[in-house]
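Q: First the structure, which I've put down as structure tokens, then a few questions once you've had a look.
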Amino acid sequence: MQIDVTRDVFRLAQVFTISRGSRTEAKVLTVRISEGGVTGWGECVPYARYGETLESVTAEIEALPGKVTRAGLYDLLPAGSARNAVDCALWDLEAKRAGCRVWELAGLPAPGPEITAYTLSLDSAPAMQAQAEKHAHRPMLKIKLGTPDDMPRLEAVRRGAPQAKIIIDANEGWSAEVYADLAPHLVRLGVALVEQPLPAGDDEALIGLERPVPVCADESCHDRASLPGLKGKYDVVNIKLDKTGGLTEALALRDAARAEGYGIMVGCMVGSSLAMAPAVLVAQGAMVTDLDGPLLLAEDRENALIFDAEGVHPPRPDLWG
């Protein structure tokens, strides 16, 4: 078995801004695992919020032994982007060697398309209204907020896209008081969900807080080990493969979270279709699907995922799985 990791850069269609900063390109790591003349691949996006860099994640992957299995990865790598890329590459390799699709290997029903959110970059209220007008045809818009001037931006987006379902990502930028103050306006404007309003390490204030708009754990939820700490705080969990450490744990987290009564959101970092492909399987039947990474790019992988009026479609075998 040979494991190779390379860096790839994809230009964004426009500057993408959240409360933590801006970017003009997506920097990803591509892992290829070859065995018996067959190669599987996967992609991850190292994330500084979790102490990851391209260099540190590359080092984690390159330190792996010459032979790895999906089950064995749990003892070799922690939940995070390194394990994600390797796990997804192993799934792809297994499916190719078996001559079937990944969902068949996993014992899952054949997947279908899922309507995905489209993310509007953080900007001035007029600019965000213009973005909303441009994308008003999309059924669901996600707004990056988490600033002192969120309400004018939200009002502007609603004016620009009066019919779209709206979800908000505050990126840990609010307090419990801010959420409570904004909640009536969020209801008035038809906001369906708020992601991670409080910092992950300071979310105890959500316990006992009235939540007329469901609150989703993003930075507070990584894998199944996160679930006990979410009780009483959150209504929904956002599953991202770069947090769970791959498709294997993402599927397990989805089942465990549903069993505990949480709604499911499936999200992504800004990456290519290769990164989104496994997540489409996790997103089947989710309350919210947010796999718009490729839509934010100026360029993508060959044989990219199909996005149309039905949503994001499962990957074709010439891409992944």
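Q: Considering every residue within the range 263-276, establish whether at least one is at pLDDT 95 or above, in a helix (DSSP H, G or I) and among the polar types (S, T, N, Q).
A: yes
Q: Please indicate, with yes or no, whether at least one residue in the range 109-123 is more than 30 Å from Phe16 (Cβ to Cβ) and modelled with pLDDT of 95 or more.
A: yes
Q: Where in the range 1-120 are there strands (runs of 3 or more DSSP E), lying wholly inside it, with at least 3 residues that are under 22 Å from the mean Cα position of the chain (by Cα), β-branched (Val, Ile, Thr) and within 30 Å of Arg153 (Cβ to Cβ)?
A: 2-18
Q: Being over 26 Å from Ser121 (Cα atoms), surrounded by fewer than 22 Cβ atoms within 10 Å (Cβ to Cβ) and more than 15 Å from the chain's Cα centre (by Cα) is true for just one of Asp318, Asp308. Which residue is that?
A: Asp318
Q: Can you tell me how many residues in the range 223-234 are open to solvent by 50 Å² or more (accessible area, probe 1.4 Å) and assigned to a loop (DSSP other than H, G, I, E, B)?
A: Residues that pass the stated criteria total 1.
Q: Suppose we filter Ala286, Ala257 for residues that are part of a helix (DSSP H, G or I) and in contact (Cβ under 8 Å) with a residue 24 or more places away in the chain; which single one remains?
A: The unique qualifying residue is Ala257.
Q: Does Val187 meet the test of being open to solvent by 20 Å² or more (accessible area, probe 1.4 Å) and either in contact (Cβ under 8 Å) with a residue 24 or more places away in the chain or not in a strand (DSSP E or B) (or both)?
A: Judged against the criteria, Val187 is a match.
Q: Determine, yes or no, whether Asp290 is buried (at least 24 other Cβ atoms within 10 Å of the Cβ) and modelled with pLDDT of 95 or more.
A: Yes.
The values are calculated or read from the model by the stated rules, or taken from the named source; none is laboratory data. These numbers come from a predicted model, not from an experiment. Heads up, the Cβs are rebuilt from the backbone with ideal geometry, glycines too, and the neighbour counts pull from every protein chain shown. Side chains included, ligands, DNA and RNA excluded: accessible areas come from the protein's heavy atoms. Shrake-Rupley method; radii C 1.70, N 1.55, O 1.52, S 1.80 Å.
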